[in-house]
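J.: Structure below; questions to follow.
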Amino acid sequence: MAGEKPRSVVLLSGGMDSCVCAALAVRESETAALHISYGQRTEERERWSFERICDRLGVKRRLAIRNEALSLIGGCALTDASIEVPEAGEQIGAGIPITYVPFRNAHFLAAAVSWAEVLGAEKIYIGAVEQDSSGYPDCRPAYYQAFNQVVKAGTREGKIEVLTPLIALRKVEIVKLGLELGAPFDLTWSCYSREDKACGVCESCVLRQRAFEDAAAHDPIPYLSQDRSSMAGHKI
């Protein structure tokens, strides 16, 4: 019917980038949101964020599933309790860090494409970012170009397309875009290691904090560093 928005699926982890991507998807399409838990350290907090972000953005159709393969395979600080989540180094993105979940986005996109076929959606939004990132290989533009060829060859009608609207943006630009769109940053979670208060020292936390600082904007989530600052300034 005339005036109807096209259907889409957005991969929504609950993080800052995926939240902004979801806000874009909602503006441009009739959006269904997909969340995948994979045994990561902060899976309960991320699932909480997913549900609340969907509520705030008005996304009614949502699907939350589990992927057991990634945690069983391991080899990553996010899914293996025996591997410590490192603090951010001086040069983030200089090499592939131990927080890289091997080929994770292929697992996520495969589920999204399957659901999109069932829903009749032709667009899949994912908040992959290459700039100001940890350097994960499955966040490179060439990866998504290749994946779209796989989707074209391996789906019923070959019309589904994976979109990466944030991939060339710097983190500060993503924050500014999110503020323009009214993305609910207060509901998001980026920390790799904690679910109560963000550690403030892992790569994801550091990149997030830098982005909000560069955007001259307030980051609304709680950090452990705020507690430490408060304690340091308290005189007995």
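The values are calculated or read from the model by the stated rules, or taken from the named source; none is laboratory data. As the structure is a computational prediction, the values presented were derived from the model and not from experiment. Virtual Cβ from ideal backbone geometry, glycine too; neighbours counted across all protein chains shown. Ligands, DNA and RNA are stripped out before the accessible areas are found, and what is left, the full protein with its side chains, is counted by its heavy atoms. Shrake-Rupley method; radii C 1.70, N 1.55, O 1.52, S 1.80 Å.
J.: Looking at the range 64-92, which of its residues are among the polar types (S, T, N, Q) and either open to solvent by 50 Å² or more (accessible area, probe 1.4 Å) or assigned to a loop (DSSP other than H, G, I, E, B) (or both)?
T.: Within the range 64-92, Asn67, Thr79, Ser82, Gln91 meet the criteria.
J.: Which of the residues spanning the range 186-230 are of a type in the set (Lys, Arg) and in a helix (DSSP H, G or I)?
T.: Arg208, Arg210, Arg228
J.: Here is a follow-up. Taking the range 120-156 as the region of interest, how many residues are under 20 Å from the mean Cα position of the chain (by Cα), among the charged types (D, E, K, R) and either in a helix (DSSP H, G or I) or at positive phi (or both)?
T.: Total satisfying the criteria: 2.
J.: Among the numbered conditions (1) in contact with a helix residue (DSSP H, G or I) (Cβ under 7 Å, 6 or more places away or on another chain); (2) closer than 24 Å to Leu163 by Cβ, tell me where Thr99 comes up short.
T.: (2)
J.: Among (1) open to solvent by 40 Å² or more (accessible area, probe 1.4 Å); (2) in contact with a Ser or Thr (Cβ under 6 Å, 6 or more places away or on another chain), there is one condition Arg61 misses while meeting the rest; what is its number?
T.: Of (1) open to solvent by 40 Å² or more (accessible area, probe 1.4 Å); (2) in contact with a Ser or Thr (Cβ under 6 Å, 6 or more places away or on another chain), only one is false for Arg61: (2).
J.: Restricting attention to the range 157-179, report how many residues are under 17 Å from the mean Cα position of the chain (by Cα) and not aliphatic (A, V, I, L, M).
T.: The number of residues fulfilling the criteria is 7.
J.: Restricted to the range 96-110, and to residues that are surrounded by fewer than 19 Cβ atoms within 10 Å (Cβ to Cβ) and either among the hydrophobic types (A, V, I, L, M, F, W, C) or over 20 Å from the mean Cα position of the chain (by Cα) (or both), which residue is farthest from Val150 (Cα to Cα)?
T.: Ile98
J.: Which residue is nearest to Glu213 (Cα to Cα), if the candidates are limited to the range 144-175 and must be free of Cβ contacts under 8 Å to residues at least 24 places away in the same chain and of a type in the set (D, E, K, R)?
T.: Within the range 144-175, the match that is nearest to Glu213 (Cα to Cα) is Glu173.
J.: Restricting attention to the range 154-165, and to residues there that are open to solvent by less than 90 Å² (accessible area, probe 1.4 Å) and of a type outside the set (Val, Ile, Thr), which single residue is nearest to Ala23 (Cα to Cα)?
T.: Pro165
J.: Here is a further query. Could you check, for the range 52-60, whether at least one of its residues is in contact (Cβ under 8 Å) with a residue 60 or more places away in the chain and part of a loop (DSSP other than H, G, I, E, B)?
T.: No - not one qualifying residue is present in the range 52-60.
J.: Quick test of your reading of the structure: Ile124 fulfils all but one of (1) open to solvent by less than 70 Å² (accessible area, probe 1.4 Å); (2) out of contact with any helix residue (DSSP H, G or I) (no Cβ under 7 Å at 6 or more places or on another chain); (3) β-branched (Val, Ile, Thr). Name the failing condition by number.
T.: Every condition holds for Ile124 apart from (2).
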